[in-house]
Amino acid sequence: MTDSASVPLRVAIVGAGPSGFYAAGQLIGDGFEVDLYDALPTPFGLVRAGVAPDHPKIKTVTKAFEKTAAKEGFRFFGGVELGRDVTPQELEERYHAVVYSFGTATDNRLGIPGEDLPGSHAATEFVAWYNGHPTYADHDYDLSTERVVVIGNGNVAIDVARMIVLAEEELSPTDTADHAIERFTGGATQEVMLLGRRGPAQAAFTNPELLELGELARADVIVHPEDLELDAASEAWLASEDAHTTNRKNVEIMRQYAAREPEGKERRVVLEFLWSPVEILGEDQVEGLRVVRNEITAGEDGSLRARPTGEEKVIPCGMVVRSIGYRGIPLDGLPFDERRGLIANDGGRVTEEDGSVRVGSYAVGWIKRGPSGVIGTNKKDAADTVARIREDTEQGLLAGERASAEEVEAFVRERVPTLVTWDGWKAIDAHETSAGEAQGRPRVKLVRVEEMHEVASGVTR
């Protein structure tokens with residue numbers, strides 16, 4: 001799709017995760033030229049730094065992204081951080097359109113006393129650490145504690161629990177960061193407790209993730225039979241059209257776990273329901289978690305809510321990981337919806353405080369709609385935003401002279417002399433996969449930005 005002078009319109013996409021790549025592929029297919037930016041020298045976002053390392057099949061989606069990168073009109077600008085190296089205004093001045101696709105990088109907080117004690121962690125950071133994200137590579141996690149409590153009932157919570165209890169033979173063929181493999185295999189954690197504030201019927205696990213817990217080499221899955229005696233409100237909801245098949249199947253799976261005799265494996269994953277954290281206990285380190293018992297009640301609108309009963313207990317533990325959702329980080333120069341933790345937008349068009357549309361600025365992926373869905377969900381989401389760009393182009397809203405491709409690259413290289421292009425990423429990729437091949441692993445990740453720059457530029461130690 002071109003302007004009246006038949007010059008391709010140029011788009012910057014900020015964030016090289018799935019939503020960014022899906023948008024890039026669709027835009028290039030429409031005739032746009034695309035520069036895809038990322039704060040890291042490496043592409044693929046949470047596919048590289050968020051998907052559990054023992055789920056390699058999910059990561060094969062990168063093959064489709066590599067096809068997009070090979071198309072004419074695509075460029076990758078790695079190691080360029082929005083807000084540090086370039087501003088939204090500087091990009092919006094140089095491109096016909098800018099698409100923000102940098103995801104929701106931080107976590108929701110519990111808002112309880114003791115949350116900042118050593119040993120209390122965000123799942124976002126823990127997941128990034130074991131996946132080799134450079135920002136978190138130097139973080140340290142004490143897995144010598146006998147019990148870890150993971151607060152949350154979603155797939156990220158299950159991933160965290162599973163990674164902690166994986167056997168060495170389950171970890172060794174993965175691309176888990178080397179520093180994390182050392183901690184996991186040398187750790188002394190015997191029990192990981194998954195704590196949910198609602199009941200088993202409301203758990204947000206997907207069926208495959210929940211089933212996978214029952215196949216762990218060195219961990220039994222413990223579900224207390226009494227927790228599967230559902231309250232009347234949950235039973236009615238589960239039997240209604242409001243409940244998803246996934247919820248019904250989850251309850252079936254958990255009933256199978258509850259009926260299963262533990263095999264006496266060296267570790268345990270315990271699923272606890274209807275408890276909310278009230279306080280993280282400890283002087284200089286997490287020593288326990290005070291929780292309150294909940295009951296499920298139906299609101300006037302029919303929605304089910306967890307209501308505290310007043311009954312409390314203390315769970316001894318040495319580490320607490322909160323996994324209760326992601327939210328975006330506000331950035332100077334971009335309108336932000338504080339309540340939702342997202343870029344303010346209307347169907348993908350960025351909106352100002354007064355509700356007016358910021359012409360030429362768009363959002364896609366989690367920073368647009370919130371952290372929901374699977375990787376493939378971003379494809380349709382990208383298509384919806386690209387449709388808005390197409391409409392605005394057809395109405396002539398994006399027309400006008402902008403910087404050329406050469407001028408943009410010169411500007412970015414002046415700001416970021418260590419800029420990593422797609423060829424630079426391919427050099428990093430070849431280095432990592434070669435190192436992994438020698439160990440029978442998909443790759444051995446570089447976890448230092450300086451090392452990535454050296455490899456990308458052809459410099460060796």
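The values are calculated or read from the model by the stated rules, or taken from the named source; none is laboratory data. Please read all numbers here as calculations on a predicted model, not as lab measurements. Using ideal geometry, Cβ is built from the backbone for each residue, glycine included, and neighbour counts are taken over all protein chains shown.
Key figures for this structure:
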{"read-out": "Residue selected from segment 313-326 under the condition surrounded by 20 or more Cβ atoms within 10 Å (Cβ to Cβ) and either among the hydroxyl-bearing types (S, T, Y) or under 22 Å from the mean Cα position of the chain (by Cα) (or both), by the criterion nearest to L110 (Cα to Cα)", "value": "R322"}
{"read-out": "Any hit, segment 6-16, residues being out of contact with any Gly (no Cβ under 6 Å at 6 or more places or on another chain), at positive phi, modelled with pLDDT under 95 and part of a loop (DSSP other than H, G, I, E, B)", "value": "yes"}
{"read-out": "Residue match in segment 333-342 (condition: among the acidic types (D, E) and surrounded by 13 or more Cβ atoms within 10 Å (Cβ to Cβ))", "value": "yes"}
{"read-out": "Per-region count, segment 398-426, residues part of a loop (DSSP other than H, G, I, E, B), within 29 Å of R48 (Cα to Cα) and touching a residue at least 24 places away in the same chain (Cβ under 8 Å)", "value": "4"}
{"read-out": "Pair list, Cβ under 9 Å, 6 or more apart: segment 141-155 residue at positive phi, other residue part of a loop (DSSP other than H, G, I, E, B) and polar (S, T, N, Q)", "value": "G152/S323"}
{"read-out": "In segment 135-152, residue surrounded by the most Cβ atoms within 10 Å (Cβ to Cβ) [restricted to those that are part of a loop (DSSP other than H, G, I, E, B) and either among the charged types (D, E, K, R) or in contact with a strand residue (DSSP E or B) (Cβ under 8 Å, 6 or more places away or on another chain) (or both)]", "value": "G152"}
{"read-out": "Answer residue from segment 394-431, given it is under 26 Å from the mean Cα position of the chain (by Cα) and aromatic (F, W, Y) and is nearest to F77 (Cα to Cα) among those", "value": "W422"}
{"read-out": "Matching residues, segment 93-103, being more than 16 Å from T385 (Cβ to Cβ) and touching a strand residue (DSSP E or B) at 6+ places or on another chain (Cβ under 9 Å)", "value": "R94"}
{"read-out": "All positions within segment 117-129 that are in contact with a strand residue (DSSP E or B) (Cβ under 9 Å, 6 or more places away or on another chain) and in a loop (DSSP other than H, G, I, E, B)", "value": "L117, G119"}
{"read-out": "So S356, is it small (G, A, S) and not assigned by TED's automatic domain parsing to the domain that holds V160", "value": "yes"}
{"read-out": "Strands (runs of 3 or more DSSP E) enclosed by segment 286-340 - at least 2 residues per element that are of a type in the set (D, E, K, R) and under 22 Å from Q202 (Cβ atoms)", "value": "288-298, 304-316"}
{"read-out": "The listed residue being surrounded by fewer than 23 Cβ atoms within 10 Å (Cβ to Cβ) and part of a loop (DSSP other than H, G, I, E, B), out of G114, G132", "value": "G114"}
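Here is a yes/no grid of residues against (1) more than 28 Å from V444 (Cβ to Cβ); (2) β-branched (V, I, T); (3) assigned by TED's automatic domain parsing to the domain that holds A49:
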| residue | (1), (2), (3) |
| --- | --- |
| V86 | yes, yes, yes |
| Y100 | yes, no, yes |
| D116 | yes, no, no |
| G119 | yes, no, no |
| S144 | no, no, no |
| I151 | yes, yes, no |
| G154 | yes, no, no |
| D159 | no, no, no |
| I164 | no, yes, no |
